[in-house]
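Written out below as structure tokens is the structure these notes cover.
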Amino acid sequence: MIPAGRQYAVSELAKLELSAARRLELARMFDITGWIRPALADIILKRSPKKLRSITNDDRQRMTEDAYIAIAKALEAIQVERGYLALRPPPLQILPSCRTHAACQVVWPKIWFDLVAPRILNRVEPVPITDLPWIIRGIPSGKMEILCLLDTARAFKNNSVLQCEEIFVDQVTEVIKEMYFGRHTVVQE
Ligand SMILES: [Zn+2]
């Protein structure tokens, strides 16, 4: 059981606008296991405002050097995955009703390389990989048949590559939990 006073203190702390590195430090100091993954997701997936996710030299010491290295490796692995993804447009779906499919085949790679790939490769504000099917749905189809574009986005939703970032976050979460809490019993939040 979690003592009520501790639970209250943790919930009050959670309301503060703390940097991801500071949250990792507090999680390690006070065995707050539930904070590890959200803090790592903020850093690795760059979801929160920049000042809350960036890592200063002080932060590196706060989170411990080993954890920093694990995070840096995950960031690098994700960048490699993004590079592969950007270079390979998802397969174009062929709708039997499309009478201009030759044009679709020409336009689709252009749409991908001009409008989607740059957003995948943007290091400052990278789009979440899981959002790509929705991004494809929203881009102007130009000379491409809109139904072929929509069907291509729909088929892409089932591609396992879309989960790669979440999987890297899960993996580094396990590694860092082992570093921080591996040798003693942990209070679950
Ligand atoms: Zn078509």
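Coordinate-derived values only; no laboratory data. Note that the coordinates shown come from a computational prediction; the quantities given were computed from them, not determined experimentally. Ideal geometry is used to build each Cβ from the backbone, glycine not excepted, and the neighbour counts take in all protein chains shown.
Taking the stretch 1-103 as the region of interest, what is the percent of Cα-Cα pairs per 10 angstrom bin, listed from the shortest bin to the one with the maximum distance?
13, 34, 21, 13, 10, 8, 2
When every alpha-carbon pair in the chain is counted, what percent end up more than 31 Å apart?
Tail of P(r) above 31 Å: 34 percent of Cα pairs.
Among the lysines, which fall within straight-line cross-link reach of LYS177, defined as a Cα-Cα distance under 22 Å, with same-chain neighbours fewer than 8 residues apart omitted?
Those lysines meeting the cut-off are LYS46, LYS73.
Near LYS110, which lysines are there with a Cα under 26 Å away, not counting those fewer than 8 places off in the same chain?
LYS143, LYS157
Assigning unit charges at the beta carbon (Lys, Arg +1; Asp, Glu -1) and nothing else, what dipole magnitude in debye, to the nearest 20, does the stretch 91-158 show about its Cα centre?
60
If one takes the longest principal axis of the Cα atoms in the chain, at what angle in degrees, from 0 to 90 and to the nearest 10, does the Cα axis of helix 101-111 lie?
40
So what are the radius of gyration and Dmax for the Cα set of the stretch 91-158, in Å?
Cα only, the stretch 91-158: 12.1, 40 Å (Rg, Dmax).
Given +1 on the Cβ of Lys and Arg, -1 on the Cβ of Asp and Glu, and no further charges, what dipole in debye does the chain carry about its Cα centre, rounded to the nearest 20?
My answer is approximately 480 debye.
Dipole of the stretch 8-96 (Lys/Arg Cβ +1, Asp/Glu Cβ -1, origin at the Cα centre): which of ALA27, LEU45, PRO89 lies farthest to the positive side?
So the residue we want is PRO89.
Would you mind checking the tilt of helix 36-45 against the longest principal axis of the Cα atoms of the chain, expressed as 0 to 90 degrees and rounded to 10?
40
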